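S.K.: My questions will all concern the structure given below.
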Amino acid sequence: MDAKKDVKTKLWGGRFKESTAPLVEEYTQSVEFDQKLYAEDIAGSKAHARMLAAQGILSQEEVEQIIEGLNQIEKEIEQGKFTWQKSLEDVHMNIEHRLTELVGPVGQKLHTGRSRNDQVALDFRLHVSKCLSLWQDTLIDLVTVLVDQAEKNADKILPGYTHLQPAQPVSLAQHLLAYVQMFCRDFERILDAQKRVRVSPLGAAALAGTTYPLNPKMVADELGLDEIFSNSMDAVSDRDFVLEALFIGSTIMIHLSRLCEEIILWANPGFGFIYLPDAFATGSSIMPQKKNPDVAEIMRGKTGRSVGNLISLLTTLKGLPLAYNRDMQEDKEPFLDTHKTVYMSLQIMARMMEEIKFNEQAMNRALKEGFLNATELADYLVGKGIPFRQAHHITGNIVAYAERKGVGLEDLAIKELKQFSEKIEEDVYIALDFKQAVSRRETPGGTGPQSVQRQIQWARQWLRQKNGGSV
Ligand code: ARG
């Protein structure tokens, strides 16, 4: 294309004589990824145009033409008929260019009192907010599934681990409800972050505000945003809202990846606590016996990229002077990537947890393997008046003895036990029973059945509240 003609097609081409180098055009354009913001861009432009009319800056007729044009563009995009042009840099200029094509010179009035700096900040805030709401919906779904599984499996017990060594028996419900707590916190974190995401920056213009008598509150109201910016320079350069979203996304992924790790371990034949549904596992191309937990592994792996996206934007923003800098264009791809990862992972985890079957026999077998009732024996001895340190020592000796014999503590005869302490009586076998060990832990938040029921009720109540609330 003739260089002079090309430069005049740029919306900012007035002061330029030469056209952009092709490599630079490719390098600086963002339309490849920010076209995802088209709906927000159009909604923001409509709100801006209506406000311009209300303030007497544009005529009613002009605004009607602009709105009509924007509606037409939205249709074209949704029907895949819109031609995105890299030479027009970004979503904003692609849409504005097409608007002028459709409605003529009046299209050029839309940008009055506005800059791409406040425009992109608005679009992205709306987009991030929408994605966060989707995460909330899927978190609700996952929490519901986990609570249902906890309730269904409330009577199953399995080894609880510390250092991944068998520690004490816990109920399966208690284990699942720990994840409920994590995902509820993630949900609450989003609610809190939305307060800072849902702030309209429109009206800040390039950085200093504008001479037109704008009404930013009217724009915010039309878009359903709760607040407006307080400082024009902050409005165009603040990306905290993206950082917060990326942090929340990373935290969700970390929670998911911990659950994935449990799934991977539990599906290992050495544990055998779960049967993975076929739809969520894959086979090996060489070893016919294999059923691999690939879905959980990929999810665990994807956590790395979410954390990377957070670090990437933190690093981009470090040391940027006020106000807008083009570096900030680098906020979009990390977030779009994190959104895809978080949203899909949450949905998949909900379905996988719904279909997982638990193998009670394997859990019972594992309980017998790690002397998980040793604390119970020590506590039993304390109950018989032996100081805890001594009780701990005696129990250690009994464990070593049972280990040599290759049996559990509960398999030792009373005669054998009495060699270690005369205080041990027949009632010791009640203390050594695994189910009893779980039942006795009714302290608040403990693994006892009543405590677990209280947690389930709490979660059901939380879900009712959130479903009726802002979800
Ligand atoms: N694509 C740009 C971004 O994402 C839009 C804003 C451009 N503003 C500018 N002054 N060049 O940040």
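The values are calculated or read from the model by the stated rules, or taken from the named source; none is laboratory data. It should be emphasised that the depicted structure is a prediction, and the values quoted were computed from it without experimental measurement. Positions of Cβ are backbone-derived with ideal geometry, glycine not excepted, and every protein chain shown enters the neighbour counts. The protein model used for the area step is the full one, side chains on, heavy atoms only, and it has no ligands, DNA or RNA in it. Shrake-Rupley method; radii C 1.70, N 1.55, O 1.52, S 1.80 Å.
S.K.: Run down Ser312, Ser284 and say which single residue is among the small types (Gly, Ala, Ser), in contact with a helix residue (DSSP H, G or I) (Cβ under 9 Å, 6 or more places away or on another chain) and either open to solvent by less than 40 Å² (accessible area, probe 1.4 Å) or at negative phi (or both).
M.R.: Just a single option satisfies the conditions, and that option is Ser312.
S.K.: Six or more apart or on different chains, Cβ under 9 Å: which pairs go from a residue in the stretch 50-72 that's touching a residue at least 60 places away in the same chain (Cβ under 8 Å) to one that's surrounded by fewer than 17 Cβ atoms within 10 Å (Cβ to Cβ) and of a type in the set (Phe, Trp, Tyr)? Could you list them?
M.R.: Leu52/Tyr212; Gln55/Tyr212; Ile57/Tyr212
S.K.: What's the number of the condition Pro22 fails, among (1) without any contact (Cβ under 8 Å) to a residue 60 or more places away in the chain; (2) surrounded by fewer than 20 Cβ atoms within 10 Å (Cβ to Cβ); (3) touching an Asp or Glu at 6+ places or on another chain (Cβ under 9 Å)?
M.R.: Of the numbered conditions (1) without any contact (Cβ under 8 Å) to a residue 60 or more places away in the chain; (2) surrounded by fewer than 20 Cβ atoms within 10 Å (Cβ to Cβ); (3) touching an Asp or Glu at 6+ places or on another chain (Cβ under 9 Å), the odd one out for Pro22 is (3).
S.K.: Which one is farthest from Gln136 (Cα to Cα) among residues in the stretch 190-202 that are open to solvent by 10 Å² or more (accessible area, probe 1.4 Å) and touching a residue at least 24 places away in the same chain (Cβ under 8 Å)?
M.R.: The qualifying residue farthest from Gln136 (Cα to Cα) is Val199.
S.K.: Hey, among the residues in the stretch 203-233 that are surrounded by fewer than 17 Cβ atoms within 10 Å (Cβ to Cβ) and among the β-branched types (Val, Ile, Thr), which one's nearest to the chain's Cα centre (by Cα)?
M.R.: Applying the filter and picking the extreme gives Thr210.
S.K.: I'd like to check something: does the stretch 113-129 contain any residue that is of a type outside the set (Phe, Trp, Tyr), away from the ligand (no atom under 16 Å from the Cβ) and either open to solvent by 30 Å² or more (accessible area, probe 1.4 Å) or in contact with a strand residue (DSSP E or B) (Cβ under 6 Å, 6 or more places away or on another chain) (or both)?
M.R.: no
S.K.: Then there is this: Pull up the stretch 51-93, narrow it to residues that are of a type in the set (Gly, Ala, Ser) and either within 16 Å of the ligand (Cβ to nearest atom) or in a loop (DSSP other than H, G, I, E, B) (or both), then point me to the one that is surrounded by the most Cβ atoms within 10 Å (Cβ to Cβ).
M.R.: Once the filter is applied, the top-ranked residue is Ser87.
S.K.: Now for a separate question. If you go through the stretch 322-334 one residue at a time, how many are open to solvent by less than 80 Å² (accessible area, probe 1.4 Å) and more than 8 Å from the ligand (Cβ to nearest atom)?
M.R.: Residues that pass the stated criteria total 4.
S.K.: So, one more: Scanning the stretch 340-363 for residues that are among the polar types (S, T, N, Q) and part of a helix (DSSP H, G or I), which turns out most open to solvent (accessible area, probe 1.4 Å)?
M.R.: My answer is Gln361.
S.K.: Can you tell me which of Ala154, Ala208, Ala178, Ala204 is part of a helix (DSSP H, G or I) and small (Gly, Ala, Ser)?
M.R.: After ruling out the rest, the residue left standing is Ala178.
S.K.: In the set Thr100, Thr144, which member is within 30 Å of Ala47 (Cα to Cα) and away from the ligand (no atom under 16 Å from the Cβ)?
M.R.: On inspection, the qualifying residue turns out to be Thr100.
S.K.: When you go through (1) surrounded by 18 or more Cβ atoms within 10 Å (Cβ to Cβ); (2) more than 30 Å from Glu151 (Cβ to Cβ) one by one for Gly319, which number turns out not to apply?
M.R.: The number of the failed condition is (1).
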